[in-house]
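The values are calculated or read from the model by the stated rules, or taken from the named source; none is laboratory data. The model shown is predicted, which means the values in this text are computed figures rather than measured ones. Cβ: placed from backbone, ideal geometry, glycine included. Neighbour counts: every protein chain shown. Ligands, DNA and RNA are stripped out before the accessible areas are found, and what is left, the full protein with its side chains, is counted by its heavy atoms. Shrake-Rupley method; radii C 1.70, N 1.55, O 1.52, S 1.80 Å.
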Amino acid sequence: GQLPTWLQGILLRNGPGMHTIGDSKYNHWFDGLALLHSFTFKNGEVYYRSKYLRSDTYNCNIEANRIVVSEFGTMAYPDPCKNIFAKAFSYLSHTIPEFTDNCLINIMKAGDDFYATGETNFIRKINPETLETLEKVDYNKYVAVNVATSHPHYDSDGNVLNMGTSIVDKGKTKYLLFKIPSSVPEQEKKKSCFKHLEVVCSIPSRSLLHPSYYHSFGITENYIIFIEQPFRLDIVKMATAYIRGVSWASCLAFNKDDKTWFHFIDRKTKKEVPTKFYTDAMVFFHHINAYEEDGHIIFDIIAYTDNSLYDMFYLKNLGKDFEENVKLTSIPTCKRFVVPLQCDKDAVVDSNLVTLPSTATAVKEKDGNIYCQPEILCEGIELPRINYDYNGKKYKYVFATQVQWSPVPTKIAKFNTQTKEMLHWGQDDCWPSEPVFVPSPDAKEEDDGVVLTCVVKTDPKDPPFLLVLDAKTFTELGRATVNVEMHMDLHGMFIPQQAMKTETE
């Protein structure tokens with residue numbers, strides 16, 4: 001095919017790549033050692049390269065020829081030959097575990113630099129052109145967090161906004177929103193932007209020992225949206241997991257009889273909106289987008305009625321017949337919540353406070369809490385992406401993978417949130433990855449641009465390829481076939497040519 005001449009830059013992807021080291025195997029697909037891969041677009045040609053992230057975790061495991069660093073779903077143990085004192089000490093030191101730097105989920109831009117990210121306090125700087133692994137950054141040196149999300153937001157000035165959980169710090173467990181500036185003052189050019197990291201605000205956890213798990217958060221022009229779901233980590237269980245010989249994943253539990261609480265933080269005052277908003281129990285990983293309209297916050301997420309998704313990806317479930325054997329017990333559902341922030345204090349109890357045209361409701365209860373029910377936009381999509389120029393603004397289009405009852409995507413979709421129309425791209429025996437939208441330089445409309453996705457074939461003999469679609473029509477513009485074994489990946493980003501700082505600079 002033909003690629004648009006303006007498409008110049010690098011699509012950078014990240015995901016688990018190695019699941020066996022020596023005679024040891026990881027238990028879970030999300031535990032595998034991070035494999036970075038990139039597609040470089042240059043004058044109508046596409047160049048591919050891939051490289052394992054040379055994390056400390058990778059180096060220790062390769063050197064020992066077995067898994068020696070614990071991941072979320074796999075607990076690793078030190079050399080069994082060590083004496084009893086060393087053993088006792090290592091049990092104690094695992095109480096607050098030294099987390100892995102196997103950053104396998106996403107890519108983040110901070111300042112002029114790019115980082116591979118996971119969900120621990122470590123991120124790894126990488127060179128986007130060579131995929132070389134550079135220094136390790138510990139968030140904990142700059143902000144008291146033990147875990148952080150892999151889905152940060154970027155504001156109009158290029159600052160990074162992210163969230164992390166501070167576990168039982170000074171007797172409190174809280175969620176922290178922090179900001180990494182995009183540039184440092186001229187006189188401090190040698191310093192990293194992390195030295196200027198600031199905590200924007202903190203939200204106390206509803207429970208000291210059971211903080212909520214979250215994978216992403218939402219943002220509008222004036223507010224940050226944080227959802228505290230009843231899918232929680234048990235800190236006491238985590239602290240004893242090593243001694244009990246179980247993985248940290250077993251310390252995560254979903255309580256279906258609990259509520260899901262919405263927190264809205266005013267970006268100007270850095271204070272939380274005092275009204276309490278909640279909905280029924282749900283599990284969700286991905287926010288799609290959010291915006292404000294006539295005193296309401298509207299936010300779209302992909303939610304499940306249980307936590308079966310994580311369990312699907314245990315490697316014991318991913319055998320050759322897994323598409324038949326592994327079935328989601330809850331299909332991903334795209335939900336739109338409409339939350340009236342400016343609601344009348346004297347509103348009647350049991351009245352719906354939503355005044356916008358929507359089937360979503362927000363009902364005032366006797367105690368002043370507001371119970372929200374969503375509008376269902378569609379079902380069966382995951383790994384959502386948008387045109388990021390519309391992040392936090394009213395928007396139309398979601399680009400996503402399409403999943404039915406199996407957790408592996410078979411198609412990609414373009415969904416119009418206003419008309420509910422859906423376009424698809426799919427071919428037999430193809431598993432596409434998260435679609436990334438790249439706007440054209442002179443874009444007039446939200447969907448002017450292309451969609452990029454890496455497609456893995458179900459038959460290992462068929463080579464994988466990078467697919468380029470016209471984002472408007474969803475027709476294929478071209479594909480670049482890669483004659484290597486490629487893995488399913490998780491997330492990534494497109495770096496336009498002009499955003500790359502060259503070595504000479």
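On the basis of being in a loop (DSSP other than H, G, I, E, B) and of a type outside the set (A, V, I, L, M), does Phe474 make the cut?
yes
Take the stretch 441-470 and flag every residue that is under 26 Å from Ser50 (Cα atoms) and touching a residue at least 40 places away in the same chain (Cβ under 8 Å).
Across the stretch 441-470, the qualifying residues are Gly449, Val450, Val451, Leu452, Thr453, Cys454, Leu466, Leu467, Val468, Leu469.
From Thr453, Thr458, grab the single residue that is within 23 Å of Val484 (Cβ to Cβ), in contact with a helix residue (DSSP H, G or I) (Cβ under 9 Å, 6 or more places away or on another chain) and not aromatic (Phe, Trp, Tyr).
Thr458
Say we look at the stretch 207-231 and pick out the residues that are over 17 Å from the mean Cα position of the chain (by Cα) and not hydroxyl-bearing (Ser, Thr, Tyr); which of these is nearest to Asn289 (Cα to Cα)?
Among those residues, the one meeting the criterion is Glu221.
I'd like to check which strands (runs of 3 or more DSSP E) are fully inside the stretch 136-209 and have at least 3 residues that are farther than 24 Å from Cys103 by Cα.
Passing ranges, in order: 198-204.
Filter the stretch 160-184 down to residues that are open to solvent by less than 50 Å² (accessible area, probe 1.4 Å) and out of contact with any strand residue (DSSP E or B) (no Cβ under 7 Å at 6 or more places or on another chain) and give me whichever is nearest to Trp261 (Cα to Cα).
Asp169
Looking at (1) in contact with a Ser or Thr (Cβ under 6 Å, 6 or more places away or on another chain); (2) within 24 Å of Gly392 (Cβ to Cβ); (3) touching a residue at least 60 places away in the same chain (Cβ under 8 Å), can you tell me which one Ser183 breaks?
Among (1) in contact with a Ser or Thr (Cβ under 6 Å, 6 or more places away or on another chain); (2) within 24 Å of Gly392 (Cβ to Cβ); (3) touching a residue at least 60 places away in the same chain (Cβ under 8 Å), Ser183 violates only (1).
Being over 22 Å from the mean Cα position of the chain (by Cα) and open to solvent by less than 60 Å² (accessible area, probe 1.4 Å) is true for just one of Cys334, Cys343. Which residue is that?
Only one candidate passes the filter, namely Cys343.
Can you give me the number of residues within the stretch 394-440 that are of a type in the set (Phe, Trp, Tyr), at pLDDT below 95 and over 20 Å from the mean Cα position of the chain (by Cα)?
1
Based on what the data block shows, is Thr329 touching a Pro at 6+ places or on another chain (Cβ under 9 Å), surrounded by fewer than 17 Cβ atoms within 10 Å (Cβ to Cβ) and in a loop (DSSP other than H, G, I, E, B)?
Considered against the rule, which asks whether it is touching a Pro at 6+ places or on another chain (Cβ under 9 Å), surrounded by fewer than 17 Cβ atoms within 10 Å (Cβ to Cβ) and in a loop (DSSP other than H, G, I, E, B), Thr329 comes out as no.
I need a count of the residues in the stretch 210-259 that are basic (Lys, Arg) and in contact with a strand residue (DSSP E or B) (Cβ under 6 Å, 6 or more places away or on another chain).
Residues meeting the conditions: 2.
In the stretch 110-143, what residues are open to solvent by less than 40 Å² (accessible area, probe 1.4 Å) and over 21 Å from Ser70 (Cα atoms)?
Within the stretch 110-143, Ala110, Gly111, Asp113, Phe114, Tyr115, Lys125, Ile126, Asn127, Pro128, Leu131, Val143 qualify.
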